[in-house]
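These notes concern the structure reproduced below.
The values are calculated or read from the model by the stated rules, or taken from the named source; none is laboratory data. Computed from a predicted structure; not experimentally measured. Glycine also receives a Cβ, built like all others from the backbone with ideal geometry; neighbour counts cover every protein chain displayed.
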Amino acid sequence: MEEIKQKTEAELAQEAIERKILEERRAARRRKEARDAKTKLILEILFLLVVMVGSALYQMHKMAVRSKQKLEQDTLLNATTQQVSQIIDNVRQAYAIYSEEKEFSMERLIELGVIPESIVDDKEAYNLYNGNIVIEPSRPLENIKEAVESPTFKMAYRGLPHDVCVNLAIMNWGDKVEGLMAIAIGDYDGEVDTALEEIDKIYKEEKPIEFIDKYGRKRTLQPRKHFALNVAKPGDAFIPTPFSKGNAEGGCSCPRNVASCSFAWRYAIYAVDKPNRVESEIEKMERLMRERLEQRVKEQEAEQQRLREEELKKRATEAMKREMETQQQTQPQTVKPQAVK
């Protein structure tokens, strides 16, 4: 009995020892799990910090790159506007100095040194965006009342990025007193320059159309004035200079990822729209157009009035005929007496 009791106590002691060891192991495991969780949390926090710092540094780098690009773009744009102004002034001076030459080709302007040598390569001029510069003579500007005539020229910058085209379009390039006649925006596909073509087409006067109407009368139809959404003129009621941001965005039709926009200017050598001048070409064209439109409206009103009067006369005649027929039908017929033989 004593031995059984001792054995039981020994077993209980052994079990107590085992339980103690098991609890110590569990406690050690819990401490290890806590350390691991803490370490994992620290690593996650460090990872997030690294990601946040890296993202911040990347964004700062992108902002620095964008700022640098914006500065470079602004610098390039300012240099371009200065270059354009210089070339325009040089061309106007060349026309004034060599007045016996009515028109100047691009080759002649390069020969005279009008185009800076730094942008000329193999008899071709290039802008700061590596696109061509084209200068061509345009139709002379006339003031009929004072017999004033001025040569004009047009210049196009090709191969421009979309944003540069828009920025140039919303700038103020002067007015009619300073010789500016129009600016145009478009694109250049290697063959057709829409800006350079449209800037002249808007001033082209079509001949009146003469025809015989259905009444045999000789009539004259004045052609409609050509309007272009990509051409702006100083003081114009349709699209004045400078372009609005919306019109510039739509008119600069080249893709944003392809530098194929074209920007054109048209200048007069001598400005004829001065206070002592009676009428400039643009004003003359607008006045003639207004007069033609007013004359056309008067003719249409007169024609409509004549048609209304004819219709009223026709209706009145028909009404009189119907009334006479009605009276004849209602009156009794008289029998003529027969002659006595």
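The table that follows gives values for the structure above.
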{"quantity": "Residue match in region 124-144 (condition: in contact (Cβ under 8 Å) with a residue 60 or more places away in the chain, surrounded by 12 or more Cβ atoms within 10 Å (Cβ to Cβ) and of a type in the set (Gly, Ala, Ser))", "calculated": "yes"}
{"quantity": "Residue in region 153-160 that is in contact with a Cys (Cβ under 7 Å, 6 or more places away or on another chain), at pLDDT 90 or above and closer than 19 Å to residue 70 by Cα present", "calculated": "yes"}
{"quantity": "Among the residues listed as 77, 57, 48, the single one being touching a residue at least 24 places away in the same chain (Cβ under 8 Å), part of a helix (DSSP H, G or I) and of a type in the set (A, V, I, L, M, F, W, C)", "calculated": "77"}
{"quantity": "Count of region 245-262 residues which are outside any loop (DSSP other than H, G, I, E, B) and closer than 18 Å to residue 196 by Cβ", "calculated": "4"}
{"quantity": "Flag for residue 11 being under 58 Å from the mean Cα position of the chain (by Cα), surrounded by 10 or more Cβ atoms within 10 Å (Cβ to Cβ) and in a helix (DSSP H, G or I)", "calculated": "no"}
{"quantity": "Any hit, region 92-100, residues being surrounded by 10 or more Cβ atoms within 10 Å (Cβ to Cβ), touching a Pro at 6+ places or on another chain (Cβ under 6 Å) and not small (Gly, Ala, Ser)", "calculated": "yes"}
{"quantity": "Pick from region 184-227, criterion at pLDDT 75 or above, of a type outside the set (D, E, K, R) and assigned to a loop (DSSP other than H, G, I, E, B), ranking: surrounded by the most Cβ atoms within 10 Å (Cβ to Cβ)", "calculated": "192"}
{"quantity": "Criterion (of a type in the set (Gly, Ala, Ser), out of contact with any Leu (no Cβ under 8 Å at 6 or more places or on another chain), within 20 Å of residue 168 (Cα to Cα) and surrounded by 10 or more Cβ atoms within 10 Å (Cβ to Cβ)) met by exactly one of 67, 55, 85", "calculated": "85"}
{"quantity": "Breaking point among (1) more than 24 Å from residue 196 (Cα to Cα); (2) under 28 Å from the mean Cα position of the chain (by Cα), for residue 125", "calculated": "(1)"}
{"quantity": "Out of 297, 278, sole residue that is farther than 19 Å from residue 230 by Cα, over 27 Å from the mean Cα position of the chain (by Cα) and modelled with pLDDT under 65", "calculated": "278"}
{"quantity": "Long-range neighbours under 7 Å by Cβ, at least six apart or interchain, first residue touching a residue at least 24 places away in the same chain (Cβ under 8 Å) within region 10-38, second surrounded by 10 or more Cβ atoms within 10 Å (Cβ to Cβ)", "calculated": "none"}
